[in-house]
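> Got a structure for you, written out below as structure tokens; questions coming shortly.
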Amino acid sequence: MIDARQGAEYQFIARPDWSRLPAEIELGDVAGIAIDAQDRVYLFNRGAHPVVVLSKDGEYLNSWGHGLFANPHGAYIGPDAAIYLTDNGDHTVRKFSLDGKLLLQLGEPNKPSPFMSNKPFCRCTHCALAPNGDIYVSDGYGNAAIHKYAPDGRLLKSWGTPGTGPGEFNLPHNICCDADGWVYVADRENDRVQIFDGNGNYETQIVNMHRPSALAITAGRNPDCIVGELMSYLGVNRLTPNLV
């Protein structure tokens with residue numbers, strides 16, 4: 001757990017002993033984290049207990065989703081107070097109530113679209129809701145696309161092709177929406193965040209970053225866009241400063 005406290009700058013304090021799990025709960029890789037309106041923390045992980053719910057103080061509350069997911073990847077709680085879980089192993093996005101009741105499913109389990117076909121889904125990565133309830137899904141490991149759905153699950157449009165130009169992607173890894181309905185996409189291997197209007201029209205981009213992988217937009221009248229970046233895996237620049 002890392003506490004972030006906002007002042008002139010963000011300060012991060014590591015708390016390795018924050019969570020208190022029962023002996024029978026062992027986390028796998030925690031691929032996604034979401035926090036609800038009561039500050040409960042949902043850990044979407046690659047273990048035998050896929051969704052582990054903790055209090056804001058790290059106390060274990062419950063777990064659910066057992067046996068349902070192939071490879072947990074993205075977790076997001078929308079303004080509709082539902083949790084959206086993206087599984088890049090079985091190519092689905094599922095919407096649940098916060099106690100684990102399935103409400104909506106996008107994609108058909110274990111039936112991916114063709115590689116780089118621009119059709120949903122081929123190893124999708126994350127999702128986000130616009131203020132009007134539309135659902136946006138980043139489809140990145142086997143595709144280079146963003147898909148837009150109506151709240152009832154109807155596919156409205158898709159955009160994106162492989163490449164480095166505006167509206168092109170090299171592994172769209174995460175996605176979020178702001179209060180105006182603009183769509184932010186972590187275009188990971190292009191080292192940038194691209195920004196679109198709600199219909200997929202390119203607006204601008206944020207550059208000078210290294211493999212952006214996670215996004216969040218803070219609340220309030222003057223929100224911040226927080227970007228999580230990956231370290232390099234290459235020995236030749238592992239110690240190069242200013243990459244993250």
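The values are calculated or read from the model by the stated rules, or taken from the named source; none is laboratory data. Bear in mind that the values here come from a model prediction, so they are computed numbers and not experimental data. Note: ideal-geometry Cβ built from the backbone for every residue, glycine included; neighbour counts use all protein chains shown. Note: areas computed on protein heavy atoms with side chains; ligands, DNA, RNA excluded. Shrake-Rupley method; radii C 1.70, N 1.55, O 1.52, S 1.80 Å.
> Say the dipole of the chain comes from +1 at the beta carbon of Lys and Arg and -1 at that of Asp and Glu; which of TYR184, GLN105, GLN194 then lies farthest toward its positive end?
GLN105
> Hey, another quick one. Hey, can you grab everything whose amide H is under 5 Å from the amide H of ILE77? Only 5+ residues off in sequence or another chain; H modelled, so Pro and N-termini drop out.
Distant-sequence amide H within range of ILE77: ILE35, TYR84.
> At a 1.4 Å probe radius, carbon and sulfur cover how many percent of the accessible area of the chain?
Of all accessible area on the chain, carbon and sulfur atoms account for 50 percent.
> Need the full-extension length gain, GLN38 to LEU155, defined as separation in residues times 0.36 nm minus the C-alpha distance. One decimal, nm.
Working: separation 117, 0.36 × 117 = 42.12 nm, distance 3.16 nm.
Extra length available between GLN38 and LEU155 comes to 39.0 nm.
> Provide the per-residue ³J(HN,Hα) series for the range 183-194, in order, calculated from phi with Karplus coefficients 6.51, -1.76, 1.60 and θ = phi - 60°, each as a whole number of Hz, with x at glycine and proline positions.
10, 10, 10, 6, 8, 4, 7, 9, 6, 7, 10, 9
> Right, next: If the cut-off is 28 Å between C-alpha atoms, which lysines fall inside it for LYS119, apart from same-chain ones fewer than 8 positions away?
Correct list for LYS119: LYS95, LYS101, LYS111, LYS148, LYS157.
> Let me ask something else about it. How long is the range 168-234 along each principal axis, judged by its Cα atoms, biggest number first, in Å?
That works out to 39, 25, 17 Å along the principal axes.
> Can you give me the three principal axis dimensions of the chain from its C-alpha atoms, in Å, biggest first?
Sorted largest first, the three principal extents are 48, 43, 41 Å.
> Given H placed 1.01 Å from N in the peptide plane, which residues other than close sequence neighbours of LEU230 have an amide H under 5 Å from its amide H?
SER213
> Related question: Sequence-distant or interchain residues sharing an amide H contact under 5 Å with ALA145, placed H: which?
Under 5 Å from the amide H of ALA145: ASP139.
> Have a look at the DSSP beta bridges in the chain and tell me what percent are antiparallel, nearest 5.
95
> If one computes P(r) from the Cα atoms of the range 108-226, what percent of pairs lie at distances over 17 Å?
50
> Might you tell me the accessible area per residue for the chain, computed with a 1.4 Å probe and given in Å²? Let's see the in-between values first.
Working: 12520 Å² over 244 residues.
Ligands and nucleic acids excluded, the result is 51 Å² per residue.
> Sticking with this one: Is there a quick way to get the dipole size of the chain? I mean about its Cα centre, with the Cβ of Lys and Arg at +1 and of Asp and Glu at -1; what is the value in debye to the nearest 20?
Dipole size: approximately 360 debye.
> Considering the Cα positions of the range 10-60, please state its Rg to one decimal place and its Dmax as a whole number of Å.
11.2, 35
> Excluding ILE195 itself, what net charge comes from residues whose Cβ is under 12 Å from its Cβ, given Lys and Arg +1 and Asp and Glu -1?
Result for the local shell: -4.
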